[in-house]
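Student: What follows is a single structure, and I will ask about it in a moment.
The values are calculated or read from the model by the stated rules, or taken from the named source; none is laboratory data. Since the model is a prediction, treat every value here as computed from it, not as a measurement. With ideal geometry, Cβ positions are generated from the backbone for all residues, glycine too; neighbour counts draw on all protein chains shown.
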Amino acid sequence: MQRSDCSFRFALIQAVLAWALATGWSIAAPAHPPTPAQPKNDYAKGENWLCRPGRTDACAVDLTTTVVAAGGAMTQEAFHTAPDAPIDCFYVYPTVSMQPGPNADMAVDAEQRGVVKLQFARFASQCRTFAPLYRQMTIAQLRKAIAGEGAGDQATAYADVVDAWKYYLQHDNHGRGVVLIGHSQGAGELTRLLQQEFDGKPLAKQLVSAILAGTHVFVKKGSDAGGTFSAIPLCRTAGQDGCIIVYNSFRAASPPAADALTGHSDDPALADACVNPANLAGGSGALKPYFAAHERGFGNTQPALQWVKGGPDVTTPFVTVPGMLSAECASNANATYLAISVHSDPSGKRADDFRGDVFTHGALRPRWGLHVVDVELAIGNLLEIVDAQAKTWQREHLHRPQR
């Protein structure tokens, strides 16, 4: 395991925990007696959810987007929720808690609301949205763990995710198809949930797909299954359901170096998986990102971008830049990764780059790649994939699910 710079910002630690959860590695040997089991949360209480259908909550936010075309022309794109969504989406958010204790409490902080807005609220265009609060390991505890000061209570976070999932399944699902969505720590928790509740089990028939961004899934070399999951394959064709999308983003111009925070299997028969949301079958594809228009991004102290050079300010909360970015799965001696290429505007009017790297204390931290924007880079593509998968799932399940 590589050690990070001592000056972690709150999103930087996400890759470390994702690696740990995906590989089954314990962050550090406990220096203290095991933490006693914590009392269970009651997920019948609405305050224990960030998002549920039919509420004004963390998913009910302004997602209006400015489309900045090559050449600098700007138009606005409205956002619409699906009035009769045929499937559900269940989201587990990444490491964001700035609370001082080892595990977050169940208060709704700005960090949870912010990451839901960036990564999950937009999925309401395709599905009913469910996002539980959970007592995740905090940034403060993960710093201690990496310093060898005790592994902390990793069990509480996962137990909360399981309890929230089982409440949803019993009281809300009613046989509906579901997409599992997670990033980093959240993707690691969902990987374990898939292993224990779905893989090779009857519940797999309700899996529309799982989007596991910023973590690692291993497959048998030459295969799309085996390894992390025995029976759940990678998504490789448009409309394929019951499958996994997994990737870790790095700039094509700055591929993972030897000290990159990536995961590897010790089993020579296994390979690290990569699924390109811009081209499931393989090869390059155009990304459809949605970036926060006025923010620098987590772990970035550079000034916010001007999206049109010398042009008017973007007034919407989000921006998208068609044609600027493409992606392709790639491998080198250090990692398998989603390589992100930037295509500049020939006119020179539109911004030629985006904020997504980790940049602190006046220096770029390339070992993190583009981890903090894994989801935002491809969220438009992911929405199109989920739309096609939902149609497939409905055709395969002829009865209309109960509401």
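Student: Within region 365-381, does at least one residue satisfy the condition of being more than 15 Å from Ala252 (Cβ to Cβ), surrounded by fewer than 21 Cβ atoms within 10 Å (Cβ to Cβ) and among the β-branched types (Val, Ile, Thr)?
Tutor: Scanning region 365-381, I find no residue that is more than 15 Å from Ala252 (Cβ to Cβ), surrounded by fewer than 21 Cβ atoms within 10 Å (Cβ to Cβ) and among the β-branched types (Val, Ile, Thr), so the answer is no.
Student: Only one residue in Gly285, Gly226, Gly222 is within 21 Å of His343 (Cβ to Cβ) and more than 18 Å from the chain's Cα centre (by Cα), so which one is that?
Tutor: Residue meeting the stated conditions: Gly285.
Student: When you look at Leu261, is it in contact (Cβ under 8 Å) with a residue 24 or more places away in the chain, assigned to a loop (DSSP other than H, G, I, E, B), surrounded by fewer than 22 Cβ atoms within 10 Å (Cβ to Cβ) and within 21 Å of the chain's Cα centre (by Cα), yes or no?
Tutor: In short, no.
Student: Also, quick follow-up: Going by what's in this entry, would Val358 be described as buried (at least 22 other Cβ atoms within 10 Å of the Cβ), closer than 29 Å to Met98 by Cα, at pLDDT below 90 and under 21 Å from the mean Cα position of the chain (by Cα)?
Tutor: For Val358, the condition - buried (at least 22 other Cβ atoms within 10 Å of the Cβ), closer than 29 Å to Met98 by Cα, at pLDDT below 90 and under 21 Å from the mean Cα position of the chain (by Cα) - is met.
Student: Follow-up question, since we're still on this one. Considering only region 277-284, I want to know if a residue exists there that is buried (at least 16 other Cβ atoms within 10 Å of the Cβ) and of a type in the set (A, V, I, L, M).
Tutor: yes
Student: Here is a follow-up. Pick out the one residue from Asp84, Asp88 that is crowded, with 20+ Cβ neighbours inside 10 Å and under 24 Å from Ser209 (Cα atoms).
Tutor: Only one candidate qualifies: Asp88.
Student: I'm checking my understanding of the structure. Among residues of region 45-69 that are small (Gly, Ala, Ser) and out of contact with any strand residue (DSSP E or B) (no Cβ under 6 Å at 6 or more places or on another chain), which one is nearest to Val162 (Cα to Cα)?
Tutor: Gly46
Student: Can you name every residue in region 114-157 that is surrounded by fewer than 20 Cβ atoms within 10 Å (Cβ to Cβ), basic (Lys, Arg) and under 18 Å from Phe90 (Cβ atoms)?
Tutor: Listed by number, the list holds a single entry, Lys117.
Student: Based on this model, can you work out whether Ser341 counts as at pLDDT 95 or above, surrounded by fewer than 20 Cβ atoms within 10 Å (Cβ to Cβ), out of contact with any Gly (no Cβ under 8 Å at 6 or more places or on another chain) and assigned to a strand (DSSP E or B)? It would help to see each step written out before you state the result.
Tutor: Working: at pLDDT 95 or above: yes; surrounded by fewer than 20 Cβ atoms within 10 Å (Cβ to Cβ): yes; out of contact with any Gly (no Cβ under 8 Å at 6 or more places or on another chain): yes; assigned to a strand (DSSP E or B): yes.
Yes, satisfied.
Student: Quick one: what pairs do we get from region 81-92, first residue within 11 Å of Phe130 (Cβ to Cβ), second hydroxyl-bearing (Ser, Thr, Tyr) and part of a strand (DSSP E or B), C-beta under 6 Å, 6+ apart or different chains?
Tutor: Close Cβ pairs (under 6 Å, with a partner that is hydroxyl-bearing (Ser, Thr, Tyr) and part of a strand (DSSP E or B)) amount to Cys89/Thr129.
Student: For region 74-85, which positions are of a type outside the set (S, T, N, Q), modelled with pLDDT of 95 or more and assigned to a loop (DSSP other than H, G, I, E, B)?
Tutor: Hits for region 74-85 are Ala78, Phe79, His80, Ala82, Ala85.
Student: Moving to a separate point now. Evaluate region 139-158: report whether one residue or more is under 20 Å from the mean Cα position of the chain (by Cα), farther than 29 Å from Glu384 by Cβ and of a type in the set (Phe, Trp, Tyr).
Tutor: Filtering region 139-158 down to residues under 20 Å from the mean Cα position of the chain (by Cα) leaves 139, 142, 154, 157-158.
Subsequent filtering for residues that are farther than 29 Å from Glu384 by Cβ retains 139, 142, 154, 157-158.
Subset that is of a type in the set (Phe, Trp, Tyr): 158.
Yes.
Student: For region 48-66, which residues satisfy the criterion of being farther than 21 Å from Ala293 by Cα and either assigned to a loop (DSSP other than H, G, I, E, B) or touching a Leu at 6+ places or on another chain (Cβ under 8 Å) (or both)?
Tutor: If the condition is that a residue be farther than 21 Å from Ala293 by Cα and either assigned to a loop (DSSP other than H, G, I, E, B) or touching a Leu at 6+ places or on another chain (Cβ under 8 Å) (or both), then Asn48, Trp49, Leu50, Arg52, Pro53, Gly54, Arg55, Thr56, Asp57 are the ones that fit.
Student: For region 173-224, give me each residue that is surrounded by fewer than 19 Cβ atoms within 10 Å (Cβ to Cβ), in a loop (DSSP other than H, G, I, E, B) and not polar (S, T, N, Q).
Tutor: Of everything in region 173-224, those that are surrounded by fewer than 19 Cβ atoms within 10 Å (Cβ to Cβ), in a loop (DSSP other than H, G, I, E, B) and not polar (S, T, N, Q) turn out to be His174, Gly175, Asp199, Gly200, Lys201, Lys221, Gly222, Asp224.
Student: Does Asp160 qualify as being at pLDDT 95 or above, farther than 15 Å from Ala231 by Cβ and crowded, with 20+ Cβ neighbours inside 10 Å?
Tutor: Numbers: at pLDDT 95 or above: yes; farther than 15 Å from Ala231 by Cβ: yes; crowded, with 20+ Cβ neighbours inside 10 Å: yes.
Yes; evaluated as a whole, the condition is true for this residue.
Student: Let me ask you something else. Conditions first: (1) crowded, with 18+ Cβ neighbours inside 10 Å; (2) out of contact with any His (no Cβ under 8 Å at 6 or more places or on another chain); (3) at pLDDT 95 or above. Thr64 passes all but one, so which condition is the exception?
Tutor: (1)
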